[in-house]
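Have a look at the structure below before the remarks.
The values are calculated or read from the model by the stated rules, or taken from the named source; none is laboratory data. Values in this document were obtained by computation on a predicted structure and should not be read as measured data. Glycine gets a Cβ as well: all are built from the backbone with ideal geometry, and neighbour counts include every protein chain shown.
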Amino acid sequence: MSEATGIREVVIIGSGPAGLTAAIYAARANLLPLVVEGEPSSTSDQPGGQLMLTTDIENFPGFIEGIEGPQLMGNMRAQAERFGAEFVTTKVHRVDFSAQPYRVWYHHPSTGEEVEVRTRSVIVSTGARSLMLGLESEVRLLSHGVSTCATCDGFFFRGQHIAVVGGGDSALEEANFLTKFGDTVTVIHRRDSLRASKIMQDRARNNPKISFLWNTEVVEVLGENKVEGLRVHNKVTGEESVVNVTGLFVAIGHAPNTDLFKGILDMDDAGYLQTAAGSSATNLPGIFACGDVQDHIYRQAITAAGTGCMAAMDAERWLEANPVSADALVDATD
Ligand code: NAP
């Protein structure tokens, strides 16, 4: 931050693997980033994104025996802090990207007072959230048999009976992938026809390990500390029954956390931020996006971290290529 003007070089919004990797790179480039890291959620006592809800992560390179999600995020945060990144544990609730310096506002975590931060560049890493069924038992058993990511967790379900909820491409992709590990995969769908593309439907229907439960809703995930079955309700017959599975994958879609940027940053139809090909640049100069907020394909910690690195390097280069004139600095402090 410039002592004279109070204008920061870069503010990072969000603290998942994308935001924290951006913070490490930006801090090591002496940009003294401020990370507005978000708040603890109902399922996690720390901010840090979706990995705070994950137990073992076995596919993040560098950890032979795997690492727990909160530990990985804690390490990344401490690493960013070591190089001078500053953190504030709250959410940005308003932004103004209409003119330089850009402005973001948050409520002070202790006093609740509204704080305005002026900054030359912003890295948006607010992530996405998996849509959930809304059951108390589903939240309680998240990471204990309930998962939202087959790529991340499928490996833990070798030889087991698994259920996938949803009728879209994600559900069938997860179901197909899970047949590499599980003995059976039951797709539970609330209607009698799938939303997924024809090719994905054909693939799933032709997979001997996959079966379908139609017109069916999960009403409870059974088990105290791990999944022991599902209580389901048939919407046509009204009957309730138990499905004997030890894993439940919820694949009913994702939603990017982009409400803050509606009408400001370019988004696709599903609300994901759009970035230039091979870059983290958004439609506004000096505003960069990384991680799941701009990626609805890969959604992995390592890809998020990779794009976080890109965003910090893009921001650093943009700041260097767009030096602030003395006049502009005087104007900005008026
Ligand atoms: P989606 O297409 O929105 O499908 C969500 C599915 O979940 C729907 O079948 C929906 O049921 C069901 N659902 C929603 N809320 C539910 C609830 N509360 N309880 C039970 N079921 C619920 O989402 P998606 O599958 O994640 O796909 C998102 C986009 O990514 C799509 O455009 C998709 O084509 C694309 N995608 C493509 C690929 C691929 O090509 N390989 C892979 C993954 C995703 P209804 O059908 O009754 O609404």
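Yes or no, residue by residue, for (1) out of contact with any helix residue (DSSP H, G or I) (no Cβ under 8 Å at 6 or more places or on another chain); (2) at pLDDT 95 or above:
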position: TRP105; (1), (2): yes, yes
position: HIS108; (1), (2): yes, yes
position: ALA128; (1), (2): no, no
position: ALA175; (1), (2): no, yes
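Sort out which residues of the stretch 37-57 are in contact with a helix residue (DSSP H, G or I) (Cβ under 9 Å, 6 or more places away or on another chain) and either among the hydrophobic types (A, V, I, L, M, F, W, C) or at pLDDT 85 or above (or both), and write them in order of number.
GLU37, GLY38, LEU51, MET52, LEU53, ILE57 - these are the residues of the stretch 37-57 that are in contact with a helix residue (DSSP H, G or I) (Cβ under 9 Å, 6 or more places away or on another chain) and either among the hydrophobic types (A, V, I, L, M, F, W, C) or at pLDDT 85 or above (or both).
From PHE83, PHE87, PHE97, which residue is more than 21 Å from GLY6 (Cβ to Cβ) and in contact (Cβ under 8 Å) with a residue 40 or more places away in the chain?
Answer to the check: PHE83.
Tell me whether the stretch 129-137 contains one or more residues that are of a type in the set (A, V, I, L, M), within 27 Å of ILE302 (Cβ to Cβ) and under 21 Å from the mean Cα position of the chain (by Cα).
Yes, the stretch 129-137 has at least one match.
Within the stretch 166-191, track down each residue that is near the ligand (Cβ under 10 Å from one of its atoms) and either assigned to a loop (DSSP other than H, G, I, E, B) or of a type in the set (Gly, Ala, Ser) (or both).
Across the stretch 166-191, the qualifying residues are GLY166, GLY167, GLY168, SER170, ALA171, HIS189, ARG190, ARG191.
State all residues of the stretch 218-256 that are within 29 Å of the chain's Cα centre (by Cα), more than 22 Å from ASP183 (Cα to Cα) and within 16 Å of the ligand (Cβ to nearest atom); if no residue qualifies, say none.
VAL219, GLU220, ILE252, GLY253, HIS254, ALA255, PRO256
If a residue has to be within 30 Å of GLY66 (Cα to Cα) and aliphatic (A, V, I, L, M) to count, how many in the stretch 259-308 make the cut?
So the count comes out to 7.
Considering only residues that are away from the ligand (no atom under 14 Å from the Cβ) and surrounded by fewer than 18 Cβ atoms within 10 Å (Cβ to Cβ), which ones fall in the stretch 124-138?
Passing the criteria: only GLU136.
Given the condition part of a loop (DSSP other than H, G, I, E, B), over 26 Å from the mean Cα position of the chain (by Cα) and crowded, with 16+ Cβ neighbours inside 10 Å, answer yes or no: does some residue in the stretch 153-162 qualify?
Yes; the residues of the stretch 153-162 include at least one that is part of a loop (DSSP other than H, G, I, E, B), over 26 Å from the mean Cα position of the chain (by Cα) and crowded, with 16+ Cβ neighbours inside 10 Å.
Say whether the condition of being within 16 Å of the ligand (Cβ to nearest atom) and hydroxyl-bearing (Ser, Thr, Tyr) is met by at least one residue in the stretch 103-120.
Scanning the stretch 103-120, I find no residue that is within 16 Å of the ligand (Cβ to nearest atom) and hydroxyl-bearing (Ser, Thr, Tyr), so the answer is no.
Which condition number does THR119 fail, the rest of (1) within 22 Å of ALA204 (Cα to Cα); (2) assigned to a strand (DSSP E or B) being met?
Looking at each condition in turn, THR119 falls short on (1).
For the condition part of a loop (DSSP other than H, G, I, E, B), in contact with a Leu (Cβ under 6 Å, 6 or more places away or on another chain), more than 30 Å from ALA99 (Cα to Cα) and not aromatic (Phe, Trp, Tyr), what is the one hit in VAL218, VAL236, VAL227?
The conditions single out VAL227.
Could you identify the single residue in GLY271, GLY308 that is within 16 Å of the ligand (Cβ to nearest atom) and either closer than 30 Å to ASP56 by Cβ or under 18 Å from the mean Cα position of the chain (by Cα) (or both)?
That would be GLY271, the only listed residue that is within 16 Å of the ligand (Cβ to nearest atom) and either closer than 30 Å to ASP56 by Cβ or under 18 Å from the mean Cα position of the chain (by Cα) (or both).
Got a number for residues in the stretch 299-334 being at pLDDT below 65 and part of a helix (DSSP H, G or I)?
Residues meeting the conditions: 8.
If a residue has to be closer than 20 Å to VAL293 by Cα and either crowded, with 19+ Cβ neighbours inside 10 Å or of a type outside the set (Phe, Trp, Tyr) (or both) to count, how many in the stretch 104-123 make the cut?
The total comes to 5.
Determine whether the stretch 80-96 contains at least one residue that is of a type outside the set (Gly, Ala, Ser), buried (at least 23 other Cβ atoms within 10 Å of the Cβ) and within 30 Å of ASP153 (Cβ to Cβ).
For the stretch 80-96, residues of a type outside the set (Gly, Ala, Ser), buried (at least 23 other Cβ atoms within 10 Å of the Cβ) and within 30 Å of ASP153 (Cβ to Cβ): absent.
Using beta carbons and a limit of 8 Å, which pairs, at least six apart or on different chains, have the first residue in the stretch 125-137 and within 16 Å of PRO47 (Cα to Cα) and part of a strand (DSSP E or B) and the second one among the aromatic types (Phe, Trp, Tyr) and within 12 Å of the ligand (Cβ to nearest atom)?
Once the first residue is within 16 Å of PRO47 (Cα to Cα) and part of a strand (DSSP E or B) and sits in the stretch 125-137, its partners that are among the aromatic types (Phe, Trp, Tyr) and within 12 Å of the ligand (Cβ to nearest atom) give ALA128/TYR272.
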